[in-house]
Amino acid sequence: MTTQITKNIDTAATALQSGKVVAIPTETVYGLAGVIYRQEAINDIFRIKERPLANPLIVHTHSADSLPEFALDIPEAAFKLADAFWPGPLTLLLRKKSNIPDNVTSGLDTVAVRVPSHPVTASLLRELKQPLAAPSANPFGRISPTTARHVFDYFEGRIPYILDGGACSVGLESTIAGFENGLPVVYRQGAVTAAQIKAVAGSVSVKTASTNTPKAPGMYPRHYSPRTPLIVTDNVKQALADVKGLNTIVIGYSKFCRDVVVEKKIVLPESGNFEEAAARLYSTLHYADSINTDIIIAEKFPETGLGSAINDRLMRASKK
Ligand code: TXA
Ligand code: MG
């Protein structure tokens, strides 16, 4: 199979309608998409991604209005969050209706739903009038893709089309929130922060602990990983001293890097803002992983705002 990178939404829509798997751009990361009702497409997604069958997929839909088509017992707080953050980088975990095929949700009685804001995929979903299941378009455990090229490098020859929507503007996977007793619980951190959720819903708790049997999945302790060993530290100078003699690249968040003497270093937020750092995080990891260094050292971000979602990804990426 040849893999074509295309900007043509109709081409992608036709392939999806015929049960094919197509990579799509979203504002967070690229997804590996199939129509949720096409059994063969869903099976192919798991196979191509080498994803454990017990790890369910997110359903992407064109509008919050379609929520009641997929979910039951929707808490008031869910409508409020949908209103505030959709379209956008928030996924809601809700009780599923029986029309959602079990292979999409890995047999769970919940479904994860999100309305992406990327204009290309928003148009695609409107044109299709069918929801798309889409995990991030990376082989299981690897760094998520934020450009069409990243997807091509992973899956060339395995999927017919990659719909090119440019570089992802957010760059981290969506925040995942579910509800316990009607109150929001964050299971995966992302660009919509716990503080923002609290401001809208009145309360929030955060349960993002690592586990090997994820109930609120995505929470595999090792994930998002480069092949090159990665050390995450808040003391870059010390880490550099510890790996003296190795060929090293440093990824930093701050201007600190000015006085760190190392040949290869990348400061993520050139402007000092964390949105920019998040948007560049995965591209930078892909790059660092491609240049044949012995080790990548990443500086921990301050645990404020997006910093904690970035640290979460860095920590998982660094697990052996
Ligand atoms: O930003 C995103 O969410 C991207 C883009 C493509 O939309 N998608 C994404 O999908 O990150 P994925 O599959 O890489 O991560 C989704 C996470 C998985 O860890 C999965 O276990 C969890 O969501 N998930 C999906 N359905 C679930 C469910 N019913 N219950 C609990 N967790 C669920
Ligand atoms: Mg993923």
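Shape of the stretch 230-318 from its Cα gyration tensor (a ≥ b ≥ c, root eigenvalues): rounded if a/c is under 1.5, otherwise prolate when a/b > b/c, or oblate?
Prolate, since a/c reaches 1.5 and a/b exceeds b/c.
Quick one: putting +1 on the C-beta of Lys and Arg, -1 on the C-beta of Asp and Glu, what dipole do you get for the chain around its Cα centre, in Debye to the nearest 20?
540 debye
Bins of 10 Å, beginning at zero and ending with the bin holding the largest distance: percent of Cα pairs per bin for the stretch 4-168, please.
Taking all Cα pairs of the stretch 4-168, the binned fractions are 11, 43, 37, 8, 0 percent.
Considering all alpha-carbon pairs of the stretch 1-83, what whole percent are spaced by more than 21 angstrom?
Beyond 21 Å sits 41 percent of the P(r) for the stretch 1-83.
Cross-link list Lys7/Lys265; Lys7/Lys198; Lys49/Lys319; Lys198/Lys237; Lys20/Lys80: which exceed 26 angstrom alpha carbon to alpha carbon?
Correct reply: Lys7/Lys265; Lys7/Lys198; Lys198/Lys237; Lys20/Lys80.
Does the stretch 97-211 come out rounded, prolate or oblate by the C-alpha gyration tensor, with a ≥ b ≥ c the root eigenvalues, rounded set by a/c under 1.5 and, if not, prolate when a/b is larger than b/c and oblate if not?
Prolate is the answer for the stretch 97-211, as a/c is 1.5 or above and a/b outweighs b/c.
Please report the projected area of the stretch 36-77's Cα convex hull averaged over all directions, in nm².
Over every viewing direction, the Cα hull of the stretch 36-77 projects on average to 4.1 nm².
So what's the gap between the Cα centers of the stretch 1-73 and the stretch 137-214, to the nearest angstrom?
15 Å
Label-point separation (nm) for Glu156 and Ile291, each offset 7 Å from Cα along Cα-to-Cβ?
Result for the modelled spin labels: 2.2 nm.
Run the helix sum for the chain: -39,500 (n - 2.57) per DSSP H stretch of 4+ residues, divided by residue count, reported at 222 nm to the nearest 500 deg cm²/dmol.
-8500 deg cm²/dmol
Per residue, how big is the convex hull around the C-alpha atoms of the chain? Give it to me in cubic angstrom, could you?
123 Å³
Where a number appears in this text, it was derived from the coordinates with a stated rule and is not lab data. What you see is a predicted model, and the numbers here were worked out from it, not measured in a lab. Note: ideal-geometry Cβ built from the backbone for every residue, glycine included; neighbour counts use all protein chains shown.
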